[in-house]
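In what follows, a single structure is set out as structure tokens and then discussed.
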Amino acid sequence: MKKYVILLCILCIVNWCFSQQLYFEFGTTISSFDYENSEGRPLDNLMSKSRTYYGLGYRQNINDAKTLFLSLGVSYNNYGAIGSESSVDNYFEWDVSYLGAKAGLGIKLFQLRDLTFLANASVASEFLIRGNQTINNDVYNLVGEEEFNNNILFFRGGVEMQYPVSSSTAIFVGYTYGKSVLINSAENAEKLNLNAHQFGLGFIINLPKCYCSF
């Protein structure tokens, strides 16, 4: 019995090693901000801005039917917003960049010939690495400021279309919507929650000895 268990474990490890893929993606993020100042007052007239994002990571089949995919990777996301308050003659703008560690799950929905449709969900822990807040003619650096939220948790969900362009490479396009949750927030601090629509293009590449079908 032990021999069969050991053999099964070996087969699982071999299958895992031979089903590895890399992915790379980039695209546009249209972000909107839910902002509260240190007094807890929101800004209601913020407008969204378009920024770029990039992602790189590893993807793995996790079931025999090849309908579930686990992905682990890193992301570089840029978010922005702009607004004004005519009653007090104020202009304000945010331009921030976050580096994140991401884990996701993809589910194959259906397939039309070589075109595969998937749904995906992911969670990422993102850290502020560059950020500016502009109020009128004054610009403030947000990185490292204790009053500002430098660490967020981002939940995303979306759909994706995948098409093989060769035996080892597939191209995909997708849309995701995400919303952030604050991880650290000091009392009486500024609070910034992000909402993001992402439209992306990417590639999936089989690693050597990966016998993976798209």
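The values are calculated or read from the model by the stated rules, or taken from the named source; none is laboratory data. Remember, it's a predicted structure, so these values are computed and weren't measured experimentally. FYI the Cβ positions are ideal-geometry reconstructions off the backbone, even for glycines, and counts take in every protein chain you see. SASA here: full protein model, heavy atoms, side chains in, ligands and nucleic acids out. Shrake-Rupley method; radii C 1.70, N 1.55, O 1.52, S 1.80 Å.
Could you sort out which of Lys49/Lys191; Lys49/Lys102; Lys49/Lys108 sit more than 21 Å apart by Cα distance in this structure? Each step should come with its number before you reach the end.
Values: Lys49/Lys191 19 Å; Lys49/Lys102 23 Å; Lys49/Lys108 32 Å.
The answer is Lys49/Lys102; Lys49/Lys108.
Explain nothing, just compute: Karplus ³J(HN,Hα) = 6.51 cos²θ - 1.76 cosθ + 1.60, θ = phi - 60°, for every residue of region 105-121 in order, whole Hz, x for Gly and Pro.
For region 105-121, the Karplus curve yields 10, x, 10, 6, 8, 6, 9, 10, 6, 8, 8, 10, 10, 9, 10, 9, 9 Hz.
What ³J(HN,Hα) values, in whole Hz, does the Karplus curve 6.51 cos²θ - 1.76 cosθ + 1.60 give for region 73-82 when θ = phi - 60°, with x put for Gly and Pro?
Here the 3J(HN,Hα) series is x, 10, 9, 10, 10, 10, 10, x, 7, 9 Hz.
Given a Förster radius of 41 Å and the C-beta distance between Asn132 and Tyr163 as r, what FRET efficiency does 1/(1 + (r/R0)^6) yield to the nearest 0.05? Kindly include the intermediate steps, with their values, before the conclusion.
Values: r = 39 Å, r/R0 = 0.95.
Using R0 = 41 Å, I get an efficiency of 0.55.
With a Förster radius of 25 Å, plug the Cβ-Cβ distance of Val181 and Leu109 into 1/(1 + (r/R0)^6) and report the FRET value to the nearest 0.05.
0.40
For Ile135, what accessible area in Å² do you get when you roll a 1.4 Å probe over the heavy atoms of the protein chains, rounding to the nearest 10?
60 Å²
Provide the gained length on full extension for the span Leu68 to Asn141, in nm with one decimal, where the gain is 0.36 nm per separating residue minus the Cα-Cα distance.
Taking Leu68 through Asn141 to full extension adds about 22.1 nm, to one decimal.
Where in region 191-206 does the label zone of Arg41 land, with the point 7 angstrom along Cα→C-beta and an amide N cut-off under 17 Å?
Flagged as within label range: 191-192.
For Phe24 and Ala101, calculate 0.36 nm times their separation in residues minus their Cα-Cα distance, and state this gained length in nm to one decimal.
Values: separation 77, 0.36 × 77 = 27.72 nm, distance 1.42 nm.
Between Phe24 and Ala101, full extension yields an extra 26.3 nm.
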